[in-house]
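Submitted below is the structure of interest, expressed as structure tokens.
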Amino acid sequence: MKSASQIFSFAFVVIALAEIYSRYAENDMLHWVAKPLLILVLLAFFYVSLQGRSNKVTKLITWGLVFSWVGDVLLMFENPEQPLFFMGGLGAFLTTHVLYILAFKASVTDPSKSIFKTRIIAIFPFILIGGYFYYELFPGLGELRIPVGVYTAVIVTMVIFALNRIDSVNVHSFRLVYYGAIIFMMSDLLLAIDKFLLPFDHASVYIMGTYILAQGLIVSGVLVETSAE
């Protein structure tokens, strides 16, 4: 199993680099091959690395990855004439974040260790960041104001629940998942800035680069948590 895990880990890195390069070089053929494979290979890596272990957290993360794959594929068809693909992708990733919230919540089995009881002030910087970016994006959102508002609230909540694991899992697992959640939020903010506020050069490179790193860190952190049980 270990060799299979290493193979899928290596394959994920290779495909990730291929996808990032495809966005930099604007190579659509490579993009259409690499992007759909990314999460599928990460799912395979997650599955073989679990070595038969399964719990509520791993099941929720697995389904989160499945909806991430759906979102990835739908966004590949996005164009101004087909806004439903963007809305579908947004909905799929919204579902991913909700599933990750539930997974991170399930990691906290002792309510007395929740930051909502011990250090609630720690959540306010993320609320302020999410609120500020939504305020900046608001004028350019048009009919998407409500969906993007809901999405912003959910991804901020996802980061907060990643932080909430701090006293419930080992330090290595906490850091991997927490950093992954923050980088995931960064990826979504870059996407929103490029789409609704200020388009910038090679945006898709930075968006995909941060997205891939975020997913890899979250999966790795959950694997560390599971192996420590």
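What's the total number of residues in segment 97-146 that are closer than 30 Å to N55 by Cα, within 22 Å of the chain's Cα centre (by Cα) and among the small types (G, A, S)?
4
Something else now. May I ask you to say which residue of I155, I182 is closer than 22 Å to G71 by Cα, modelled with pLDDT of 95 or more, in a helix (DSSP H, G or I) and open to solvent by 30 Å² or more (accessible area, probe 1.4 Å)?
Details: I155 fails: open to solvent by 30 Å² or more (accessible area, probe 1.4 Å).
Only one candidate qualifies: I182.
Here is a further query. Suppose the filter is more than 19 Å from M208 (Cβ to Cβ) and within 19 Å of the chain's Cα centre (by Cα); does S68 pass it? Reasoning before the result, please.
On the way: more than 19 Å from M208 (Cβ to Cβ): no; within 19 Å of the chain's Cα centre (by Cα): yes.
The answer is no for S68.
For the list (1) touching a Ser or Thr at 6+ places or on another chain (Cβ under 8 Å); (2) over 23 Å from V148 (Cα atoms), I need the number of the one condition that G216 fails.
Against the list (1) touching a Ser or Thr at 6+ places or on another chain (Cβ under 8 Å); (2) over 23 Å from V148 (Cα atoms), G216 comes up short only on (1).
Something else about it: Just to check your reading of the model, which residue among V148, V98 is of a type in the set (V, I, T) and farther than 26 Å from L176 by Cα?
Working: V98 fails: farther than 26 Å from L176 by Cα.
When all the criteria are applied, what remains is V148.
Out of (1) part of a loop (DSSP other than H, G, I, E, B); (2) out of contact with any Ser or Thr (no Cβ under 7 Å at 6 or more places or on another chain); (3) under 24 Å from S49 (Cβ atoms), the odd one out for P199 is which?
(3)
As an exercise: evaluate V98 against (1) in contact with a Lys or Arg (Cβ under 9 Å, 6 or more places away or on another chain); (2) open to solvent by 50 Å² or more (accessible area, probe 1.4 Å) and give the number of the one condition it does not meet.
(1)
Kindly provide the set of residues from segment 10-26 that are open to solvent by 100 Å² or more (accessible area, probe 1.4 Å) and in a helix (DSSP H, G or I), ordered by number. So that I can check it myself, show each step before the final result.
Just the residues of segment 10-26 that are open to solvent by 100 Å² or more (accessible area, probe 1.4 Å), to begin with: 10, 17, 21, 24, 26.
Correct list: F10, L17, Y21, Y24.
Still on this model: Only one of F161, F138 is open to solvent by 40 Å² or more (accessible area, probe 1.4 Å), of a type outside the set (G, A, S) and assigned to a helix (DSSP H, G or I). Can you tell me which? First the steps, then the outcome.
Working: F161 fails: open to solvent by 40 Å² or more (accessible area, probe 1.4 Å).
When all the criteria are applied, what remains is F138.
Exactly one of these conditions fails for L37: (1) in a helix (DSSP H, G or I); (2) loosely packed, with under 15 Cβ neighbours inside 10 Å; (3) without any contact (Cβ under 8 Å) to a residue 40 or more places away in the chain. Give me its number.
(2)
Continuing with the same structure: Check S187, S173, S220, S168 and return the single one that is open to solvent by 20 Å² or more (accessible area, probe 1.4 Å), part of a helix (DSSP H, G or I), touching a helix residue (DSSP H, G or I) at 6+ places or on another chain (Cβ under 8 Å) and among the polar types (S, T, N, Q). Give the derivation first.
Details: S187 fails: open to solvent by 20 Å² or more (accessible area, probe 1.4 Å); S173 fails: open to solvent by 20 Å² or more (accessible area, probe 1.4 Å); S168 fails: part of a helix (DSSP H, G or I).
When all the criteria are applied, what remains is S220.
Another question about this same structure. Kindly list, by first and then second residue, each pair from a residue in segment 121-142 that is closer than 15 Å to I155 by Cβ and touching a residue at least 40 places away in the same chain (Cβ under 8 Å) to a residue that is assigned to a loop (DSSP other than H, G, I, E, B) and open to solvent by less than 30 Å² (accessible area, probe 1.4 Å), limited to pairs with Cβ atoms under 9 Å and residues at least 6 apart or on different chains.
I123/N164
Continuing with this model, one more query. Here's a check for you: in segment 55-95, which residue that is of a type outside the set (F, W, Y) and part of a loop (DSSP other than H, G, I, E, B) is surrounded by the most Cβ atoms within 10 Å (Cβ to Cβ)? Even if it seems obvious, please write down each step before you answer.
As a first pass, look at segment 55-95 and keep what is of a type outside the set (F, W, Y): 55-62, 64-66, 68, 70-76, 78-84, 87-92, 94-95.
Of the ones still in play, those that are also part of a loop (DSSP other than H, G, I, E, B) are 55, 78, 80-81.
Working: N55: 15, E78: 17, P80: 6, E81: 6.
Checked segment 55-95; the qualifying residue surrounded by the most Cβ atoms within 10 Å (Cβ to Cβ) is E78.
The values are calculated or read from the model by the stated rules, or taken from the named source; none is laboratory data. Because the structure is a prediction, the values reported are computed rather than measured. When we count neighbours, we look across all protein chains shown, and the Cβ atoms used for this are built from the backbone with ideal geometry, even at glycine. Please note that ligands, DNA and RNA were not included when accessible areas were found on the heavy atoms of the full protein model with its side chains. Shrake-Rupley method; radii C 1.70, N 1.55, O 1.52, S 1.80 Å.
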